[in-house]
Protein chains: 2
Amino acid sequence: MQPELKLQQLRCMLAILDQGGFHAAARHLHRSQPAISMAVRDLEERLGQPLFEKGNGKAALTPFGQWCLPRFHELVAHHDRVSRDALAMTCHQAGRVDIATVPSVASRLMPAILASFVVDYPGIEISLQDGHSELVAQMVLTGEVELGITSLWQPQEALSSTPLLHDEIGVVCRDDHPLAGLDRLHWRELAGYSLIRNGTSRLLVGSPAAELLEHSSLFISNMISLTAMLEAGIGITTLPRLAFQEEHERLCFVPLAEPLLVRRIGLLCRTGVSLSPAAAAMRRHVMAHLGGSVA
Amino acid sequence: MQPELKLQQLRCMLAILDQGGFHAAARHLHRSQPAISMAVRDLEERLGQPLFEKGNGKAALTPFGQWCLPRFHELVAHHDRVSRDALAMTCHQAGRVDIATVPSVASRLMPAILASFVVDYPGIEISLQDGHSELVAQMVLTGEVELGITSLWQPQEALSSTPLLHDEIGVVCRDDHPLAGLDRLHWRELAGYSLIRNGTSRLLVGSPAAELLEHSSLFISNMISLTAMLEAGIGITTLPRLAFQEEHERLCFVPLAEPLLVRRIGLLCRTGVSLSPAAAAMRRHVMAHLGGSVA
DNA sequence: GTTGCACGGTAAGATATCCTGATCATTTTA
DNA sequence: TAAAATGATCAGGATATCTTACCGTGCAAC
C-alpha cells in the first residue's frame, strides 16, 4: 500500500531547503530541531528512500529527494490553496448567495441592503431575482436560491420563515379621484369604482374586502402597465405600500383602514439544510436591516 | 492563519459520503465509528463551519460541505498520485538511469546487461552513451550521468569506483601476419612492426611496452577505420580484448604476456551523492552480472 | 594543533493526539 | 411496541509527537 505522506513532514522538508538547514527550519516552524530530524526520518522511512544525504554536515538532497521536491512543493501548495479558499469561504470573504424576492422588495428594499452588504463583504457574489411570492417560495424549496424574501403565505414544513416587516395594503388611484384626498378608508367606500386586479390582489382573499375582487373585470400583472392604466384614470387598484411607486406624481396611496390589511413579509429558507456561509451572512445582514421593523 | 487540513480527516469525509454513513465509513477505513465522528468534528472545528447536517439521522452535507467536497477529493487524489509515483520510484518500477561507458563495454557487455535489466525493471527509462574513459569519468563527475563503466584511471576523491573485471591487452593483426599464430608474446617481439596507436594505447603508458608508442607514427581513434587499416595489413595495434571485434574474420588477437597488461574496468559513481533508486538498481544489476569476474 | 561553534543525530521523559469500547439519544424499521 | 441502526459522547489507554539534554562530527579561528 502506498504511504500516507503527512503534510507537516512535507512542510519540514521544504522548510529545511528554504531555510538552508535543520536548525533554521526548526526556528522557522517553531519546533525543536530534533522534531525536524524525526519528521525527516519518518518521512524517509515511509518513502523507503533517503531524501537527504547523510554524513556530511550540510543538508543536501539525494537525487530521489530532488525528484520529490517539486512534487511535494506542489502538493503542499495545493493544500494551502484549498485551505485558504475554505477559510475565505467561512470568513465571508468569498462565496455566493442566490436570493429571490418579490418585485416590490427587490426594487424598494434590496438596493440599500445590497449596497451595504457589498461594502461589508466585497468578495461575495450575489444573484438577485424576483418573482411573485409563490414562485419565490418554490425557488427556495427547490434549492434554486438559498434565501427568499416574500409575503408569508401559509407556513410549510420544509420552509422556515422569519417575519421581517409588515406592509399595509391600500388603494392606489389618480390624484383627481374622489378617494384621493382621504386619509384612510373603509372597503365599502370602494364600491362602484372600477377596480383593477393585479398580482397582489389575492392578498385580499380571506378578508371582507375579498368581495371587491368579484366585481373587478380587469387584471393587469405588469406593474408598468398597471400604473399606466391608473394614470389614465381607467380605474383604481389595491397594492401593498411597498409596491406603490411613490415617485409617480399623479398617483396617490390611501391606506385601507377597515379592514386593516397587511402583508407580512419575511425571510424564507429551507429547513434541514443549513445555509452556506455567504447566505448566512446575507441572512444576518438582512435581519439587521429589517428585523426591527416587525413587532 | 489557515487551518492545517489532515489528509486522514479528509479521507474520513470522503469515505462517509462514498459509503453512505459513519458506520460504513468506519468499517471501510478499519476504524471505530467514534473515530470517524471525532475526525469530522475536528475537521469542522478547523474549518469553522459544519460539513454535515446535524440532527436528522442520516449523513448529509451542508452547502459548505458540498462546496468543500470536490476540492477535498481533488486534494486527496493529488496526494495519492504523488505517493504512488514515489512508491513506483522506490520500487524501481519507474525512474530513469543515465549511464556512460567506454565504447567496448557499450557494444560488448551492455547489450546483455540491459536486455535482462529491462525485463526485471520494465518501467525504468535508460539512457546509454559512450565515450572514451576520461569523458566517462567527467560525465559522472559533473552529474551528467549517474553511473559510468570505464577503465579505472587514477582514483579520484569525488569518484567511487568498484572493480568489475579485468580486460587483458593484446596485439591485433591480420591473420597472415607473422605474429598471428602465437599464443602469447613479449613486447619486444613487436619491434620492427608498424604499430598503429588508438584511443586505448595510453593503457600502455607506465609499462615497459610504452616504448613502443614512440616508434608509432599512426594514430586512429575511430574503431571502424582502425579495423579497416588492420585488415588492409597496414600495421598492427594493441587493444583490450573487449575492444577487439571477434567477428572480424581476418583479424587475430594475441595476448601480450610480457608484460601482462590489463585494463581494470570498473563502475564509477559520485561520492557524497547517493544514487537514484533506478540507478541503484542498475548498479546492483551490473554488479550481479559482472561483479564476479574480478578477483 | 586545539578550541569553539554550528551542524545534525540520538535517548528518555513529558505532552498531545488519536483510537477504542461502552453507553446514550434519536430515528427508522419490522 | 420492540428491535435495529444512526450518530454523539465520554473515559481510558495506546500511539505518536514534541522537548530537553547530550553526543559525535566537521569546520574555522586562534
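The values are calculated or read from the model by the stated rules, or taken from the named source; none is laboratory data. Quantities reported herein were computed from a predicted structural model and do not represent experimental measurements. Glycine gets a Cβ as well: all are built from the backbone with ideal geometry, and neighbour counts include every protein chain shown. SASA here: full protein model, heavy atoms, side chains in, ligands and nucleic acids out. Shrake-Rupley method; radii C 1.70, N 1.55, O 1.52, S 1.80 Å.
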Over all directions, what mean area does the Cα convex hull of segment B:92-229 project, stated in square nanometres?
10.5 nm²
Note down the magnitude of the dipole of chain B about its Cα centre, charges +1 on Lys and Arg C-beta and -1 on Asp and Glu C-beta and zero elsewhere, to the nearest 20 debye.
1300 debye
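Any chance you could run the full-extension gain for B:V118 through B:M38? It's 0.36 nm times the residue separation minus the Cα-Cα distance, nm to one decimal.
Values: separation 80, 0.36 × 80 = 28.80 nm, distance 4.84 nm.
Computed gain between B:V118 and B:M38 is 24.0 nm.
Which is the longest run of chain A containing none of the GluC sites (Glu not before Pro) found in DSSP loop states (not H, G, I, E, B) with at most 11 other C-beta atoms within 10 Å?
On the way: sites that count: A:E157, A:E246, A:E247, A:E249.
It runs A:1-156.
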How many percent of the accessible area of segment B:239-295 is carbon or sulfur, using a 1.4 Å probe?
51 percent
Please state, rounded to one decimal and in Å, the Kirkwood hydrodynamic radius that segment B:57-103 gives when every pair of distinct Cα atoms enters the mean of 1/r.
14.2 Å
If the only charges are +1 at each Lys and Arg Cβ and -1 at each Asp and Glu Cβ, what is the size of the charge dipole of the protein assembly as shown around the Cα centre, to the nearest 20 debye?
1380 debye
Could you identify which residue out of B:A60, B:A180, B:A137 has the top mean-square fluctuation in a GNM of chain B using Cα springs shorter than 10 Å?
B:A60
So the A/B interface buries, both sides summed and with a 1.4 Å probe, an accessible area in Å² (nearest 100) of 3400 Å²
With θ set to phi - 60° and the Karplus curve 6.51 cos²θ - 1.76 cosθ + 1.60, what are the ³J(HN,Hα) couplings of segment B:265-271 in order, to the nearest whole Hz, using x for Gly and Pro?
9, x, 9, 9, 8, 6, 8
Under the rule of at least 5 residues apart or a separate chain, name every residue whose amide H is placed under 5 Å from the amide H of B:S194.
B:I236
Quick one: accessible area per residue over segment A:7-90, 1.4 Å probe, rounded to a whole number of Å²?
49 Å²
Largest first and in whole Å, give the semi-axes of segment A:71-142's equivalent ellipsoid, each being the square root of 5 times a Cα gyration tensor eigenvalue.
35, 15, 7
Would you mind working out the magnitude of the charge dipole of segment A:7-90 relative to its Cα centre, with +1 at each Lys and Arg C-beta and -1 at each Asp and Glu C-beta, to the nearest 20 Debye?
160 debye
Hey, how much of the P(r) for chain A falls beyond 28 Å, as a percent of Cα pairs?
57 percent
Dmax and Rg, reported as Rg then Dmax, of segment B:7-90 (C-alpha, Å):
13.5, 47
Taking every DSSP beta bridge with both residues inside segment B:14-161, roughly what % is antiparallel (nearest 5)?
10 percent
quick shape note, segment A:166-263: Cα extents on principal axes in Å, largest first -> 30, 27, 26
One would report the antiparallel percent of DSSP beta bridges in the protein assembly as shown, rounded to the nearest 5, as 60 percent
Under the Karplus relation with 6.51, -1.76 and 1.60 and θ = phi - 60°, whole-Hz ³J(HN,Hα) for segment B:151-158, x at Gly and Pro, equal 6, 6, 8, 5, x, 10, 4, 7
If each part is reduced to its alpha-carbon centroid, segment B:80-101 and segment A:1-76 end up apart, in Å, by 19 Å
Segment B:209-273 and segment A:168-234 have their Cα centres apart by a whole-number Å value of 116 Å
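Under 8 Å for C-alpha pairs, at least 6 residues apart: give me the relative contact order for segment B:7-90, rounded to a whole percent.
25 percent
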What average count of beta carbons from other chains do you get within 10 Å of the Cβ of residues in B:74-80?
4
If you roll a 1.4 Å probe over segment A:1-61 with all protein chains in place, what percent of the accessible area is carbon or sulfur?
52 percent
In whole Hz and in residue order, list the ³J(HN,Hα) couplings for segment B:233-240 that follow from phi through the Karplus curve 6.51 cos²θ - 1.76 cosθ + 1.60, θ = phi - 60°; x for Gly and Pro.
x, 6, x, 10, 8, 10, 8, x
Working only with C-alpha atoms, what are the Rg and Dmax values of the protein assembly as shown, expressed in angstrom?
44.0, 143
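If DNA, RNA and ligands are ignored and the probe is 1.4 Å, what is the ranking of A:K6, A:K58 by accessible area, most exposed first?
These residues rank, largest area first, as A:K58, A:K6.
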So how compact is segment B:1-157: Cα radius of gyration and Dmax in angstrom?
26.4, 79
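Among DSSP beta bridges whose residues both lie in segment A:166-263, state the antiparallel percentage, nearest 5.
Antiparallel bridges make up about 65 percent of those DSSP assigns within segment A:166-263.
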In chain A, taking the dipole from +1 charges on Lys and Arg beta carbons and -1 charges on Asp and Glu beta carbons about the Cα centre, the listed residue (A:C252, A:I236, A:S160) farthest towards the positive end is A:S160
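Peptide A:58-67: average number of partner chain Cβ atoms within 10 Å per residue?
5
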